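Engineer: One structure coming up, written as structure tokens, with questions to follow.
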2 protein chains.
Amino acid sequence: MSHTSGVRQAQKEKTRRALMDAALGLLEDQSLSSLGLREVTRAVGVAPAAFYRHFRDLSDLGVALVEECLGSLHHMIGAILAGQEGDEERIEATVDAVAEHVRRYPAHIRFIARERHGGVRPVRQAIAAELDRFADEVAIAFRPQLPAESWPPEDVRMLAEMYVDHMVMTATAFLEAQADHPEAADERRVAATARKQLLLISLGRRHWHDA
Amino acid sequence: MSHTSGVRQAQKEKTRRALMDAALGLLEDQSLSSLGLREVTRAVGVAPAAFYRHFRDLSDLGVALVEECLGSLHHMIGAILAGQEGDEERIEATVDAVAEHVRRYPAHIRFIARERHGGVRPVRQAIAAELDRFADEVAIAFRPQLPAESWPPEDVRMLAEMYVDHMVMTATAFLEAQADHPEAADERRVAATARKQLLLISLGRRHWHDA
DNA sequence: AAATTCAGCGAACGGCTGTTTACTGAATGA
DNA sequence: TCATTCAGTAAACAGCCGTTCGCTGAATTT
């Protein structure tokens, strides 16, 4: 077996990261299915053939990017679910966390939004699978707080999917708000809308047993 | 001015439609930003240069497709908003209408889902503008049914955006369900989830004044 | 009947694409 | 110290790309 460190491996991983970073940068104004292999290697400053030392093709690189981008989101979700506050405090914390995440990793969110329904099947599937896992986590975190007699597992799952979808929606809304113009006015409007929508869902959840 | 009919104009529009249809077909497994001009003309059986008689470039064709695809959705929304039934009947009618629309025009829905956050700015903007108009319509239709003292215009707008976003989400979920396998099992599951989510929103709306 | 318009054609252009090949030379291991 | 491994190289490959050009011939207008 090979060592996990060493000058050799380190340099290889460095180039690999450079390829992924360059790709993520180039994907800010095009889709993965139109990204060129040469375009990526050129941006890194490396020969086209070097690409194949790291990835089979561009959709392989895309799948790697999915793990990276949704990995960072995963940490954020974990932090939110760990908080044990009340409804309104949790909403506030969630929206703030999403806003900051988008500010910090805009390229990650753009990539996910763009490729979630994009033209490269393996990437689409990787994103769908990861978002499914997110919904699982949210469902597990919510279950103990919901009375079991009015909340069968399928309804809990439905609720969890709604939260995950809403989170992705909100993140892309923040992204577009900061893309239109870097002022903070639009961003506050998006945050206000997101908070109200989450409040509406909370109200619906509280009265779910009526149905 | 030129006549609206005539053999000349008719043939031109026929070719134009053929280009748009071919593009929509080719876009089922790639994004607009990777679609080639020659690819489209080849599919139609026409010389590459002929393309320029109808569109400035591919993003121009994309904008034309947005109008077509969201135009068909527009009719569907109008029909739903015209119905004057109660909450649960409206939910049922909405989900059924979306399901049938996706069954009838899958390529339209795929195009909108894929290019809503895709790599071609003019197309993104056209879709965003049209969905905004949808939200306006929904807001106008809902306003008379909501007590004005607990529903300021911005909250009505928030609710309308939520319904529009949920409709798009549901449509793409139907699309993926029928793409995975043409059986009806997944489709029913998507419909059940969508109905429950709409019911949850309805419950939240009914108790909005509590907040 | 003659003049005009104009959708579509075919050819050519420079430039870019993904992939393969044999290679080099530094890090690694015996 | 010497042999091996292997990330990255340079060059060549056939093939596709968007765009421009002058031209044709049928529909239209005068």
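Engineer: How about segment B:84-135: which of its residues are surrounded by 13 or more Cβ atoms within 10 Å (Cβ to Cβ) and outside any helix (DSSP H, G or I)?
Structural biologist: Scanning segment B:84-135 gives B:105, B:117, B:118, B:119, B:120.
Engineer: Another question, if that's okay. Looking at (1) buried (at least 20 other Cβ atoms within 10 Å of the Cβ); (2) farther than 30 Å from residue B:205 by Cβ, find the lone condition where residue B:57 falls short.
Structural biologist: Result: residue B:57 fails condition (1) only.
Engineer: Scan segment B:31-42 and report the pairs whose first residue is farther than 23 Å from residue A:59 by Cα and whose second residue is more than 7 Å from DNA strand D (Cβ to nearest atom) and among the small types (Gly, Ala, Ser), with Cβ atoms within less than 8 Å and a gap of 6+ or a chain change.
Structural biologist: The qualifying pairs are B:40/B:22; B:40/B:23; B:41/B:47; B:41/B:50.
Engineer: A follow-up question, please. Within segment A:158-171, is there a residue that is at pLDDT 95 or above, surrounded by fewer than 16 Cβ atoms within 10 Å (Cβ to Cβ), within 30 Å of residue B:125 (Cβ to Cβ) and not aliphatic (A, V, I, L, M)? Reasoning before the result, please.
Structural biologist: Keep residues of segment A:158-171 that are at pLDDT 95 or above, which gives A:158-171.
Imposing the further condition that a residue be surrounded by fewer than 16 Cβ atoms within 10 Å (Cβ to Cβ) reduces the set to none.
No, segment A:158-171 has no match at all.
Engineer: Pairs, please: C-beta under 8 Å, at least 6 apart or cross-chain, first residue within 18 Å of residue B:199 (Cα to Cα) and in segment A:147-171, second among the hydroxyl-bearing types (Ser, Thr, Tyr) and surrounded by 12 or more Cβ atoms within 10 Å (Cβ to Cβ)?
Structural biologist: A:158/B:193; A:161/B:193
Engineer: When the residues of segment B:35-49 are filtered to those that are more than 9 Å from DNA strand D (Cβ to nearest atom) and part of a helix (DSSP H, G or I), which remaining residue is surrounded by the most Cβ atoms within 10 Å (Cβ to Cβ)?
Structural biologist: B:44
Engineer: Also, quick follow-up: So which residues in segment A:16-34 are away from DNA strand C (no atom under 12 Å from the Cβ) and either surrounded by 15 or more Cβ atoms within 10 Å (Cβ to Cβ) or not in a helix (DSSP H, G or I) (or both)?
Structural biologist: Within segment A:16-34, the first condition is being away from DNA strand C (no atom under 12 Å from the Cβ), and the residues that meet it are A:16-22, A:24-25, A:27-29, A:31.
Scanning segment A:16-34 gives A:16, A:18, A:19, A:20, A:21, A:22, A:24, A:27, A:31.
Engineer: Condition first: within 13 Å of DNA strand D (Cβ to nearest atom), part of a helix (DSSP H, G or I), farther than 23 Å from residue B:124 by Cβ and modelled with pLDDT of 95 or more. Can you find one or more residues in segment B:51-74 that meet it?
Structural biologist: Initial filter on segment B:51-74 (within 13 Å of DNA strand D (Cβ to nearest atom)): B:51-62.
From the residues that got through so far, the ones that are part of a helix (DSSP H, G or I) too are B:51-53, B:58-62.
Those left that are additionally farther than 23 Å from residue B:124 by Cβ: B:52-53.
Applying the additional criterion that residues be modelled with pLDDT of 95 or more yields B:52-53.
Yes, segment B:51-74 contains at least one residue that is within 13 Å of DNA strand D (Cβ to nearest atom), part of a helix (DSSP H, G or I), farther than 23 Å from residue B:124 by Cβ and modelled with pLDDT of 95 or more.
Engineer: Now a separate question. Just to be sure, is residue B:8 more than 11 Å from DNA strand C (Cβ to nearest atom) and exposed (fewer than 11 other Cβ atoms within 10 Å of the Cβ)?
Structural biologist: Working: more than 11 Å from DNA strand C (Cβ to nearest atom): no; exposed (fewer than 11 other Cβ atoms within 10 Å of the Cβ): yes.
For residue B:8, the condition - more than 11 Å from DNA strand C (Cβ to nearest atom) and exposed (fewer than 11 other Cβ atoms within 10 Å of the Cβ) - is not met.
Engineer: Moving on. Looking for something more than 8 Å from every other protein chain (Cβ to nearest Cβ) and more than 14 Å from residue A:99 (Cβ to Cβ) - is there at least one such residue anywhere in segment A:199-211?
Structural biologist: First, pick out the residues of segment A:199-211 that are more than 8 Å from every other protein chain (Cβ to nearest Cβ): A:209.
Those still in the list that are more than 14 Å from residue A:99 (Cβ to Cβ) too: A:209.
Yes - at least one qualifying residue is present in segment A:199-211.
Engineer: Can you run down the residue pairs with Cβ atoms below 7 Å, 6 or more apart or on separate chains, where the first is in segment B:5-22 and under 15 Å from residue B:40 (Cβ atoms) and within 14 Å of chain A (Cβ to nearest Cβ) and the partner is near DNA strand C (Cβ under 7 Å from one of its atoms) and of a type in the set (D, E, K, R)?
Structural biologist: Within 7 Å, no pair qualifies.
The values are calculated or read from the model by the stated rules, or taken from the named source; none is laboratory data. These numbers were taken from a predicted model, which means no experiment stands behind them. All Cβ positions, even for glycine, are placed from backbone atoms using ideal geometry, and neighbour counts span all protein chains on display.
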